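The values are calculated or read from the model by the stated rules, or taken from the named source; none is laboratory data. In this text the structure is predicted, and so the values were computed from the model without any measurement. Cβ coordinates were reconstructed from backbone atoms using ideal geometry, including for glycine residues, and neighbour counts include every protein chain displayed.
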Amino acid sequence: MEKYTDARQWCNKFMNEFNKESDRAAVIISAAMLDTALETLVKKKLVKVSKSEENLIGEPYAPISSFAAKINLAYRMGLISANLCHGLHVIRDIRNDFAHNIEECSFQKQGVRARVTKLQKECGNVGIIGRMDETEAHGVRRYFEITIAFMLHSLFQNSERCERIEARRDEWRRP
């Protein structure tokens, strides 16, 4: 996914993938792309290390390997707003519902619609898209899709503007 170098390319890639998939796959792909976008943002801010030294984020057993940890770290570092943080946690909850429930998962289920309604409240209607039609499953799925696209766009714009933390010089060495 690193071949997508700007926010617009990521959003276009997301929209293309999302529309090809079932509800379950679309949600899981959405969360995976957000997870990758968060990881990219956090890594861009942190002191640069070699690939062999990278043991903090992105590795399977790294302290910051979970989606939740990346969301919380990005917020605490001031890389994302409180609203985006809360919205990402709602996405994480929806992803967990779809990933761990054996029963049919779809945007038609009341529990999913309730979480997407919560997402709408957390994200403040994401500006221009207005209110979703909760009575129609397609309306709920479409609102979810557009919200994810806006989130991805925001994360990658933040990443493009992000300034890396410079490594400190040894404290006990003289200049």
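Couple of notes before you dig in:
- Tally, over segment 58-80, of residues that are hydrophobic (A, V, I, L, M, F, W, C) and crowded, with 18+ Cβ neighbours inside 10 Å: 7
- Identity of the residue in segment 151-175, of a type in the set (A, V, I, L, M, F, W, C) and modelled with pLDDT of 85 or more, that ends up surrounded by the fewest Cβ atoms within 10 Å (Cβ to Cβ): Ala167
- For segment 86-123, residues that are under 14 Å from Val140 (Cβ atoms), out of contact with any helix residue (DSSP H, G or I) (no Cβ under 7 Å at 6 or more places or on another chain) and among the aliphatic types (A, V, I, L, M) total 1.
- All positions within segment 15-57 that are at pLDDT 85 or above, hydroxyl-bearing (Ser, Thr, Tyr) and surrounded by fewer than 16 Cβ atoms within 10 Å (Cβ to Cβ): Ser22
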